[in-house]
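Shown next, in structure tokens, is the structure this report addresses.
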Amino acid sequence: MSFEKLGVFKPLLDAIHDLGYENPTTVQKRVIPLVLQKKDIFASAQTGTGKTAAFALPILQRLRKPVENRGVRAIILSPTRELSIQIHEDIKDLSKYMEIKTTILVGGKDLEKQKRALNNGTEIIIATPGRLFEHIQSGLNLSDVEVFVLDEADRMLDMGFTKDIRKIHPLLPKRHQTLLFSATFSDKVRKLSKLI
Ligand code: AMP
């Protein structure tokens, strides 16, 4: 099974080729077609399995058509600054042949600088939950969000982000696609999956 057979389009295939990926990993084979069909996903995936590209590729493909005057179209929440930076790097590599704006919003970095980046327009936000909520309180609008990703959901809950996620979720439009990835399926994660 190749990336092409999974339905991945040319600008992404070219980027995949540049990265030297020959074949999709197991999680990519399972997840990419479902996300392209706009299904919600609740998947068990460890770091190192290729899960970032499993959600990033179909999200990029979904957002390939620019929409005029649209705000933020995808939010990717992750537990740590380091993981957010890694996801941001992976998305930049995969979208190198596309016109798509991404912004990273993590704690410990200059809030004003992040606000200026948002004011320039962005389609994809990669964020830690607490910092995203700070931006929402300063006026960031989520009413155009089409895809909401919770990466390493179990770690986010263990790190105390439940409250932030519970506050962020109701601000998303009713119709959106949710992709939840977790290494473990604890009761807390199951409860969260029912909420979102
Ligand atoms: P992740 O699980 O997203 O942290 O990915 C782990 C590593 O696998 C990263 O260094 C990716 O660049 C790499 N990777 C992702 N997909 C593939 C693939 N299909 N073939 C080879 N390497 C990959």
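The values are calculated or read from the model by the stated rules, or taken from the named source; none is laboratory data. On a predicted model such as this, the values are computed, not experimentally measured, just so you know. Counting neighbours? That spans all protein chains shown, and the Cβs are built from the backbone with ideal geometry, glycine included.
Yes or no, residue by residue, for (1) modelled with pLDDT of 95 or more; (2) among the aliphatic types (A, V, I, L, M):
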| residue | (1), (2) |
| --- | --- |
| ASN120 | no, no |
| HIS135 | yes, no |
| LEU172 | yes, yes |
| PHE181 | yes, no |
| LYS191 | no, no |
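For the structure I just gave you, tell me whether LYS92 is within 16 Å of the ligand (Cβ to nearest atom), in contact with a strand residue (DSSP E or B) (Cβ under 9 Å, 6 or more places away or on another chain), without any contact (Cβ under 8 Å) to a residue 60 or more places away in the chain and farther than 18 Å from ASP144 by Cα. Steps first, please.
On the way: within 16 Å of the ligand (Cβ to nearest atom): yes; in contact with a strand residue (DSSP E or B) (Cβ under 9 Å, 6 or more places away or on another chain): yes; without any contact (Cβ under 8 Å) to a residue 60 or more places away in the chain: yes; farther than 18 Å from ASP144 by Cα: yes.
For LYS92, the condition - within 16 Å of the ligand (Cβ to nearest atom), in contact with a strand residue (DSSP E or B) (Cβ under 9 Å, 6 or more places away or on another chain), without any contact (Cβ under 8 Å) to a residue 60 or more places away in the chain and farther than 18 Å from ASP144 by Cα - is met.
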